[in-house]
1. So what does log10 I(q)/I(0) come out to for the stretch 155-312 at q = 0.09, 0.15, 0.16, 0.20 Å⁻¹, using the Debye formula with one equal point on every Cα and no solvent?
2. Quick one: net charge around residue 234, please, counting Lys, Arg +1 and Asp, Glu -1 for every other residue with C-beta under 12 Å from its C-beta.
3. Could you give me the ³J(HN,Hα) list for the stretch 175-184, computed from phi with Karplus coefficients 6.51, -1.76, 1.60 and θ = phi - 60°, whole Hz, x at Gly and Pro?
4. For the chain, what is the calculated [θ] at 222 nm in deg cm²/dmol (nearest 500), taking -39500 (n - 2.57) for each run of four or more DSSP H residues and dividing by its residue count?
5. Over the chain, what is the percentage of antiparallel beta bridges among all DSSP beta bridges, to the nearest 5?
6. Would you rank 19, 94, 161, 116 by solvent-accessible area, highest first, keeping every protein chain in place and using a 1.4 Å probe?
7. Using a/c under 1.5 as the rounded threshold, could you call the stretch 195-276 rounded, prolate or oblate? The axes a ≥ b ≥ c are square roots of the C-alpha gyration tensor eigenvalues, and prolate needs a/b larger than b/c, oblate otherwise.
8. May I ask for the equivalent-ellipsoid semi-axes of the chain, computed as the square root of five times each C-alpha gyration tensor eigenvalue and listed largest first in whole Å?
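The values are calculated or read from the model by the stated rules, or taken from the named source; none is laboratory data. Quick caveat: nothing in here was measured; it's all calculated off a predicted structure. Cβ placement follows ideal geometry from the backbone for every residue including glycine, while neighbour counts extend to all protein chains displayed. All accessible areas refer to the heavy atoms of the entire protein, side chains included, with ligands and DNA or RNA removed. Shrake-Rupley method; radii C 1.70, N 1.55, O 1.52, S 1.80 Å.
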Amino acid sequence: MTTDTPHPISISTAWNAMKHTSGREMAAELLGLGFDTLELDVHVTRKMIQEVREMVSDGEVRISSLHNYCPLPDGIPREIAGGDALMLSSPDPKARRRAVDNARTTVDWAAELGAKAVVLHLGRPYLIADQRTALRLIEVGMTEQAVELIRLGLAERETIKQPHLDSVIESVRDLADHARGTGVRLGLETRYYCFEFPTCDELAVIFDAVDSPEVGYWHDTGHAYVQEILGVATQRDFLSRYGDRLIGMHLHNGIDGSDHWPITRGEIGFEEIVRYVQDDTVLVLEIHKGDDTELVRSRELMERLVADRGAS
């Protein structure tokens, strides 16, 4: 394992999990790129996480966080795995219970692996307007039309969201109770699709309803970038309101409305974002695009930015 840094930058296994069926080989590839801390993503199977557990026990690797659902729930193919594969927002009691039970399993594995956090997607009522259409409109210069499409969709969402939001609150409360005493915190993540839970305002509703130190905010830089392009909320909106509850960040860049780009190329101003980073904030590169060299350079750049944050 590499020497400790003052604020290690973790890497999500979303980078390479689908290349592997072996957890040991998946982790070894990332260790070979100079990372010593991983976030385990939704494509990690039970067999793979068991192999990673052996590496953790042997001191070969550390785990910063797990992205719910991890390990992959039974009956869900890896190709369609995701944080919304099971809906914590479902008004159907049986469906919601299945989602909560699998999320509890994620919390249990996080505790066993010494991880600090579990990242949660909270589901959606349904996608009323097509966000991809709005982004295509922006690409051809029709920004006003795109913003209006999103505004109308969010207005319609308000009329049908409440049973789903009630389920979200019940699910988060159940998981907070389960996480109590484990050392694992639950990070409610900014969403790429602005119709999903939680919106910027809904985070406050959830935090008020579930008053628990186990529950906090997880900022995703790429998702917030997309919401900003769509005129919904800005990076600063999220971070200024919930920076005091910040658990961690997914770090990736954005280009022309798409995200998960390397830090080294894109449109996001990370110098401002890192000002909200505290000593205990979990920082995870969640990059899907580019090559190994860009991944390493992204880590090095973020290490410098975090080390220099707040400097005049």
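1. With no solvent term, the Cα-only Debye profile gives -0.31, -0.84, -0.93, -1.29.
2. Net local charge, residue 234 excluded: -1.
3. The phi angles translate into 6, 4, 4, 5, 7, 4, x, 8, x, 9 Hz.
4. The per-residue figure over the chain is -13500 deg cm²/dmol.
5. 5 percent
6. Details: 19 135, 94 165, 161 25, 116 115 Å².
These residues rank, largest area first, as 94, 19, 116, 161.
7. Since a/c reaches 1.5 and a/b is larger than b/c, the shape of the stretch 195-276 is classed as prolate.
8. Values: eigenvalues 159, 118, 69 Å².
Whole-Å semi-axes of the equivalent ellipsoid: 28, 24, 19.
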